[in-house]
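Here's the structure we're looking at; comments come further down.
The values are calculated or read from the model by the stated rules, or taken from the named source; none is laboratory data. All of these numbers come straight from a predicted model, not from anything done at the bench. Here the Cβ positions follow ideal geometry from the backbone for every residue, glycine too, while neighbour counts run over all protein chains shown.
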Amino acid sequence: MPVLKKKPATVAKKTSKTTRSAAPTRAEKIDDKLIKLGLRSDMDKVLHLPMRYEDETEIKSISAAGFIFGRPVQVEGVVTSCEVAFRPRRQLIVTISDDTGQLVMRFLNFYGSQVKQMAEGNRVRARGEVRHGFFGAEMVHPSYKMVIEGAPLPAALTPVYPAGEGLSQTILRKTIGDAMARIEWRDTLSDKLRAELDLMPFEPAVRMLHNPPPDIDESALADRSHAAWVRMKFDELLAQQLSMKRAQMARRAKGAAVLPTIGKLSRAFLKQLPFSLTAAQQRVLEEIRADIRQSFPMQRLLQGDVGSGKTVVAALAAAQAIDSGFQAVLMAPTEILADQHFRKIAGWMEPLGVNVAWLTGSLKKKEKLEAKERIEAGTAQLIIGTHALIQEDVQFAKLGLVIVDEQHRFGVSQRLVLRNKGVDTNVHVAQQTIPHQLMMSATPIPRTLAMTYYADLEVSVIDELPPGRTPIVTRVIDQNRREEVIERVHAAALEGRQVYWVCPLIEESEALQLQTATDTHQTLVEALPDLQVGLVHGRMKPAEKQEVMDAFTRGEIHVLVATTVIEVGVDVPNASLMVIEHAERFGLSQLHQLRGRVGRGSAASVCLLLYQGPLGMVAKQRLGIMRESTDGFEIARKDLEIRGPGEFLGARQSGQAMLRFADLETDQWLVDRARDLAQTLLRDDQATVDAHLARWLGAREDYLKV
Ligand code: ADP
Ligand code: MG
């Protein structure tokens, strides 16, 4: 029977070819873990550089070690006793001695094998901090190894690598050492270039960082100012600049819908706005207008602080697309926000004869179908919606402009999907055009950071708020003064002001967060019997959320208890008091976003940040920043100082930290040089560009955040 015969044969072949049997081998398990760390190729491994070093090149006598405090030392001795004690708790107590004295090693967690290893008379080399405890001089959980007398000491500092779960330093050292023996060391930068830039050659720099000689300047190594580090940082930045510029050239080589017409709609729209644009809005609008007139796709990030009026600028860009005979789409991260945009923009545009469609996940099947038909037929000129826009299999008839609000809430791939829905696949690839892209964000990313982290992105900034806003007063208040805060809420509501009460963020458990929100709601309902207290949270159905938001907008709810679902975009101008519980748990940008829900009308607004004491230094500092500043950019800058770029951008945005070695703040001078060299190389020396990118990007093409 051919079937029976065939089957085992295939299996056998597969196994031998990929050496992958049902249960992964030890080597395969290690490989998987290395891949999780981003280490696939030999070069990836070689470029996995130590985060610090241990000095095992020297042995101190035990008596001398007793006088070294606050840093690890290495000693060597012979075991004179080894016993398991049971009081005050189970532990392994090993005494070693050399000619000068004796020292106790204590292990609170240990294996039976360790007890055997450290039998009396065996020789141990141990490294740790010496303390003077109950047993005299002691090391708790030192790192150690068994040695024979006269075993040689390492000649270089011992590297300590960033490790993933289940990867020991021993495995990493061996893996990296093996990879170093296999790679081709050729320098990607010529002698001449290196001389001009005063850079160390590649191979000695890498080798030095993996195995630094004991006499190296350790502080230069630690703060990464050593020439070997400078070379690595420069190479990394050069790769990043090259890939960015290349992406930019690739974009410019693509076609886009030309949207040149500032016509009837644009003019009528501006005329009927109840306000005039601020100078900053005017300026960024001109930047966008110029971009979308071009025949290659715009890729622009519109940044503006909370409340700076990005929506109207986006709507005007959409008007230009429509005036030019194309469709425009606006995608928002939440249903609440999409709905708000829809009402506002449809309210402006529909009276001017624009056909606006609405597509979200909560629509009924029939309504979705109807919306899709209008989009595909091209009758819908402006389309507003949520993720549903990318999830539903809708193809746009003639999409010219994609607008993504609160872009940091979306992944790169989601934005790409939306953009690609505008590509007309019926025409030949060479004629396909890509829609222009406008991304908006109120999470202000400092400019240098934006330019370095996001590949090929133009940035426009609205740096001024519309006139007539009264600044928000922020107070930082201890949680145990909650009673007073509730009093204040009561008084404000009686004056006709509306209040947001934001529940604590509980990152580790959504269920718990929900519970807290319901509890808080209950407490406030009881404490404020004469007021209407509403509740909105992420687990509610979109329609339910909408109902509550509507009631709040109409002023029928005085106090709205909310989880962070109200964080982005929500615009209810009559709300002028905001209470945020456990403010110390939020990120600064998030606090700023939340606070931005008030201060939208002319009434003086107040934000009360409740915290649970006692606060640590950093927490105090951070809440202090919130109290002192209402400028989103300033807050972002400070936040960046405290947290560093990786964490600042958040996992969603930065993916893995894209720059491993260089630091944008301290290495700005290197960024500038790398940028200049990238320019020259792309013009004159394609071979070097290719070699350098192959080495540094490897599998991780995504220095690029499109
Ligand atoms: P954001 O930039 O946070 O998205 P919005 O676009 O929601 O801000 O605008 C905030 C509020 O300011 C809205 O109610 C909007 O209508 C109003 N607004 C926008 N531009 C102006 C302006 N130039 N003058 C007065 N009010 C404006
Ligand atoms: Mg907005």
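Side notes on the structure shown:
- Filtered residues of the range 551-585 (kept if buried (at least 20 other Cβ atoms within 10 Å of the Cβ), assigned to a loop (DSSP other than H, G, I, E, B) and either away from ligand 2 (no atom under 16 Å from the Cβ) or modelled with pLDDT of 85 or more (or both)): 557, 558, 563, 572, 581
- Of all residues in the range 232-247, none are aliphatic (A, V, I, L, M) and part of a strand (DSSP E or B).
- Residue, farthest from residue 557 (Cα to Cα), within the range 480-501, restricted to residues that are more than 38 Å from the chain's Cα centre (by Cα) and not in a helix (DSSP H, G or I): 495
- Of all the residues in the range 586-605, those that are more than 16 Å from ligand 1 (Cβ to nearest atom) and buried (at least 20 other Cβ atoms within 10 Å of the Cβ) number 2.
- Residue in the range 537-550 that is within 16 Å of ligand 2 (Cβ to nearest atom), farther than 30 Å from residue 621 by Cβ and surrounded by 13 or more Cβ atoms within 10 Å (Cβ to Cβ) present: yes
- Residues of the range 87-128 that turn out to be part of a strand (DSSP E or B) and not basic (Lys, Arg), as a count: 17
- Residue selected from the range 299-318 under the condition aliphatic (A, V, I, L, M) and more than 9 Å from ligand 2 (Cβ to nearest atom), by the criterion surrounded by the most Cβ atoms within 10 Å (Cβ to Cβ): 318
- Qualifying residue in the range 105-119 (condition: surrounded by fewer than 18 Cβ atoms within 10 Å (Cβ to Cβ) and at positive phi): no
- Positions within the range 569-583 being out of contact with any Phe, Trp or Tyr (no Cβ under 8 Å at 6 or more places or on another chain) and at positive phi, in sequence order: 569
Table: residues versus (1) among the aromatic types (Phe, Trp, Tyr); (2) outside the structural domain of residue 281 (by TED's automatic domain parsing); (3) closer than 28 Å to residue 583 by Cβ; (4) at pLDDT 85 or above.
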| site | (1), (2), (3), (4) |
| --- | --- |
| 425 | no, no, no, no |
| 437 | no, no, no, yes |
| 443 | no, no, yes, no |
| 447 | no, no, yes, no |
| 451 | no, no, no, no |
| 485 | no, yes, yes, yes |
| 495 | no, yes, yes, yes |
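- Within the range 614-633, considering residues that are farther than 16 Å from residue 586 by Cβ and at pLDDT below 85, the one nearest to ligand 2 (Cβ to nearest atom): 633
- Of the listed requirements (1) of a type outside the set (Ser, Thr, Tyr); (2) closer than 24 Å to residue 356 by Cα; (3) more than 14 Å from ligand 2 (Cβ to nearest atom); (4) out of contact with any strand residue (DSSP E or B) (no Cβ under 8 Å at 6 or more places or on another chain), residue 292 misses just one: (4).
- Selection status of residue 267, of a type outside the set (A, V, I, L, M), under 27 Å from residue 589 (Cα atoms), outside any loop (DSSP other than H, G, I, E, B) and more than 16 Å from ligand 2 (Cβ to nearest atom): no
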